Amino acid sequence: MGALVLTLGGFVVAEEAQVRVQAWDGYNPHITKVHRHHEPSPVVIPPQDIPIRFFHDVHLAEEIECEDCHEDIADSVRASDRNLPGGELCTLCHMIDEDDPEQAEPPAACETCHLQYDGSYTGDDPHESPETVMYKPAPLILPTANLKFNHKVHIDHEIPCANCHGNMDTIAVANHENSLPVMGTCITCHTGEEAPDECATCHLANASGRLVTQFEEGEMVPHGYYRNDGHDEDFLESHAQVAREDEAYCANCHAPDFCVDCHNGVAKPTQIHPANWILIHSISARKNSLECSSCHKQQDFCLDCHRRSGVVDLDPYQDKSVLAFHPKGWVNGPGSLPTATHHMFEAQRNIRACASCHEERTCLKCHSAQGSELGYGLTSARKINPHPPNFARRCKSMFSMNQRSCLKCHSPADPNLLGCR
Amino acid sequence: MNYLPPGYALRVILLLMGIICASSVGIASAVEVQVTSRTMGDIYSHLRANWDDSDPIRRQRIHQLLGLNLFDLTSDKTNQVYFVSNLRIDADFGVSVAEQEQIEGLSQTDFALLYGYLNVHQWLGFLDIRLGRQYEIDAIDMVLYDGIRLRAYSPWYVGAEALAGLEATHRVGPTVSSHTLDGTPGGPLLLEGKYGEVEPRLVVGGGLFLHHLPYTQFDLSYRRIQTLGEGVDPEVLGKPGINQERFGVAASQRIMEGLFINAGASYDLFLGGVNELLAGIRYRPTFSLETEFKYHYLLPSFDADSIWNVFSWRPMDRTEQRVRIYGSEDFWVYGGAYQSFFRADDSVTEEDIDAVVEDLGFSMGSVLRIQPDSYVRTDLNTEFGYGGRQTFLDVGGGTTFRSGMFGLDGRLLMIFFEDEQQSRLNGTMLGAQVEGTWFFTKQGKLSLLVEEASSELQPHWLRVLAVLDFNFWM
């Protein structure tokens, strides 16, 4: 391929631009970057390679309009449309003289625009080979964005290019780092009023209406730039707040079975349950550092296994089993004050830990007010009052809403209930 | 199978599914039909409390989830009307006949309709309707019910929601996240320790929410669950009443780029007080730095039938702080600390006890994502104080091969463990988890997880979990 000559046709180039164009050596257009909090996701906009030397700033300074070069943009309705000018379009203004590129103003060889292209390769030099010399221009790699986008609609609504692409008159080569919008740009207009705000307006969705999140480039996940929803290493625990605020938002990507998989206690993610979790779950359960009941709702999830394993005696209503498992002083004798290891303190700290082994009958055995007539398969009770201070202030309200919890310990004729009725 | 969801509810759901399937036959070419299947099987055994390794508990379980989803039932490509459902069937072949005879309610098999509902989206441009077995996630927590939910969207950013139905409680489904106790209507065991009829419970609720505000989220919810009828044994247990009545609020606001605050609260009308508070702030002043603070207050509470609400009157609370430093979108390191507080009444004893027992924890780690789909992560987590001391040293990673056809994930773990109450558990444990995934078609994948752990109590512990997934669009 012969060298190309770049001339300036009928345009007058600003002096500053000439200086920059002539000072090509060492210039890397990829470093042109604008400051912003983040860049488009590499999953949504896959990495590009644009080995071209080009100056948007120079062209805009010449009052060349965007559509002069991106001439099909007003008809573009798909994100896969390339919308970039070919070399032929450049030659409309840049009179390229292949025979004598040095005569062009500024000088215009192939390597002027095609970075690293070496037009001098002829194949005659034994020290050079097609593998080591870039003997033809490197291709532009512009993978299709994993999005739906319609330039035509936006142009028809007379939205200026700069609203989305930013101020191009400071930019040389446009790339995903400096001139493609991030989602925050889109949602300034896509609010549901000016323009639709459904996620699937721009993101790809399947027939269920949910977004496609798996791409060859990786998994598309929120990073927490616009909502407090960054799917980071902590999100497994903190996602509850996001779901509570707006369940419908989660449903844009996640089908109901995604939630149910974990919340019905089947999936057991390895991040939560490391190897041999059964042997080591006791401390986390006691501290409530994991919210066990988020996934394991029913008491007998714990109870069945604890009974099978013998952690709970099959007849747990005998004092011997209580005393065998728990420390000395767990249950005090009649009339004596609780010791520091008494079970009441543990029950106050986290009674849900008690629920992993004990049913209410365990408590009734001592705390029921019905003495020897308490029923439930139990024969006697020690009538130890478990009510906290000031309980009387709220017992009336509780009794009016649900009397069952009261009647498990108190007989209907119990005078202590009179104040609650 | 000894525990089914209420029979009428199951019949209604199956009838609904039948009608939808039948009505969709005529327009089958337009309706998008999705069938999903997940089969999980795991095998392991673990020691009983007598540490006799000749007679371990055997787990040989199979869980089968089966989903039938019908989209775009109106065949106009709007997907305005759709139906989704999921069934679960369990079998545990490790439960012996002897164990079943000894332990009331222990079963080998289980069955549940996890959800099955018809959804109408934006009917008349403003109303969402959901009919069938569904779970509701709102500012309070979560509840599963058979009924109807309406969500109306106004043009002024405010929406309203109302729901009504019968609570669906079964052993294997997601329902209210307060621990459901035996001896209460939600629990399968009656107080006497025998299985009995589950009483129907009415769920009604409603609330307000904000919509179309990208940087503001708000949900205000009310929920009441009430047992219907005269009760199982009104002479002894009393007439049934309200099982749960709560207000909840959850909100989040993006103050400026990188700064978020969120808060939530739940007020229990039965207990007459706040039973949960949540607050958080996250600030990312630059791309490289992010800080986060969270506070959580929780008063453990149960179904109002339970006497344990009387015992539970001291709150637990917890604060968490976390800092992340990002090197890039794909690499960050983090460090965090947390404190939990557990309270007890120290006025009832002459002995010296701590009215507040503290639990402290620290964590640090890093995450490196290697595009397109590989990652390496490390984590060191230690906590001590209430309940015992444990330290987890954790390294994991994963990648895919052959254009994503095969995936491999692994995790190595070292745990130092000191249980405050069960010193026999104390020691050091080494664990490894390796999971391979084969996407054998676009519609199916097979995963195999092998876990091996070694500790002083159990020199060798092995668990194998296999998961087979299918996802067909017909």
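Under a point spin-label approximation (7 Å from Cα along Cα-to-Cβ), what is the B:L393-B:Q100 distance to one decimal in nm?
4.6 nm
Can you compute the charge dipole magnitude of region A:91-240 about its Cα centre, using +1 on each Lys and Arg Cβ and -1 on each Asp and Glu Cβ, nothing else charged? Give it in debye, rounded to the nearest 20.
Numbers: 5 positive and 28 negative charges, 175 e Å.
That gives region A:91-240 a dipole magnitude of about 840 debye.
With θ taken as phi - 60° and the coefficients 6.51, -1.76 and 1.60, list the Karplus ³J(HN,Hα) couplings across region B:327-332 in order, rounded to whole Hz; mark glycine and proline as x.
Those phi angles translate into x, 7, 4, 10, 9, 8 Hz.
Read phi for every residue in region A:385-400 and hand back ³J(HN,Hα) as whole Hz from Karplus 6.51 cos²θ - 1.76 cosθ + 1.60, θ = phi - 60°, with x for Gly and Pro.
Using θ = phi - 60°, the values come out as 6, x, 5, x, x, 6, 5, 4, 5, 10, 5, 5, 5, 5, 5, 5 Hz.
Taking the number of other C-beta atoms within 10 Å as the exposure measure, put B:W156, B:W123, B:W313, A:W277 in order starting with the fewest.
Least crowded to most crowded, the residues run B:W156, B:W123, A:W277, B:W313.
Run the helix sum for chain B: -39,500 (n - 2.57) per DSSP H stretch of 4+ residues, divided by residue count, reported at 222 nm to the nearest 500 deg cm²/dmol.
-2000 deg cm²/dmol
When the chain is fully extended, how far beyond the present Cα-Cα distance does B:H212 get from B:A160, taking 0.36 nm per residue of separation?
Details: separation 52, 0.36 × 52 = 18.72 nm, distance 1.36 nm.
Length gained between B:H212 and B:A160: 17.4 nm.
Taking N as the number of residues in chain B, what is its Cα Rg relative to 2.2 N^0.38 Å?
Here the Cα radius of gyration is 1.10 times the empirical estimate.
Looking at A:A195, A:F215, A:N178, which one has the Cα that reaches farthest to the positive end of the dipole of region A:152-218 (charges on Cβ: Lys, Arg +1; Asp, Glu -1)?
Selected residue: A:F215.
Consider just the alpha-carbon atoms of region A:161-320 and return their Rg together with their Dmax, both in angstrom.
Final numbers for Rg and Dmax: 23.2, 84 Å.
Given 0.36 nm per residue, what is the gain on full extension from A:A340 to A:N390 after removing their alpha carbon distance, in nm?
Taking 0.36 nm per residue and subtracting the Cα distance, the gain is 15.7 nm.
I need to check one value: relative contact order of region B:269-321, counting alpha carbon pairs closer than 8 Å and at least 6 residues apart, in percent.
34 percent
Return, for the Cα atoms of region B:321-389, the radius of gyration and Dmax in Å, separated by a comma.
Expressed in Å, the Cα Rg and Dmax of region B:321-389 come to 18.7, 63.
Using a simple charge model, +1 on the beta-carbon of Lys and Arg, -1 on the beta-carbon of Asp and Glu, nothing else, what dipole does chain B show about its Cα centre, in debye to the nearest 20?
2040 debye
Which whole-number percentage describes the relative contact order of chain B, with Cα contacts under 8 Å and a sequence gap of 6 or more?
10 percent
Using amide H atoms built 1.01 Å from N in the peptide plane, name the residues 5+ places from A:R53, or on other chains, whose amide H lies under 5 Å from its own.
Close amide H contacts, sequence-distant or interchain: A:H114, A:L115.
Taking Cα pairs under 8 Å and at least six residues apart, what relative contact order does region B:262-363 come out at, in percent?
Reported as a whole number, the value is 18 percent.
What percentages, rounded to whole numbers, describe P(r) for region B:393-474 computed over all alpha carbon pairs with 10 Å bin width beginning at zero?
Going out from 0 Å in 10 Å bins, region B:393-474 shows 16, 35, 25, 15, 7, 1 percent.
So if I take the alpha carbon set of region B:100-140, get Rg, then get Rh from the Kirkwood formula, what is the Rg over Rh ratio?
Taking Rh as the inverse mean 1/r over Cα pairs, Rg/Rh reads 1.32.
Two decimals is fine: what's Rg over Rh for region B:30-98, C-alpha atoms, Kirkwood radius as Rh?
On the way: Rg = 20.4 Å, Rh = 15.1 Å.
With Rh from the inverse mean 1/r over Cα pairs, Rg/Rh is 1.35.
Place a +1 charge on the Cβ of each Lys and Arg in region B:261-405 and a -1 charge on the Cβ of each Asp and Glu, then give the dipole magnitude about the Cα centre in debye, rounded to the nearest 20.
Approximately 960 debye in magnitude.
What does region B:231-372 give for Rg and for Dmax, in Å, if only its C-alpha atoms count?
21.2, 68
Any read-out appearing in this document is the output of simple, stated calculations on the displayed coordinates, not a laboratory observation. It should be emphasised that the depicted structure is a prediction, and the values quoted were computed from it without experimental measurement. Virtual Cβ from ideal backbone geometry, glycine too; neighbours counted across all protein chains shown.
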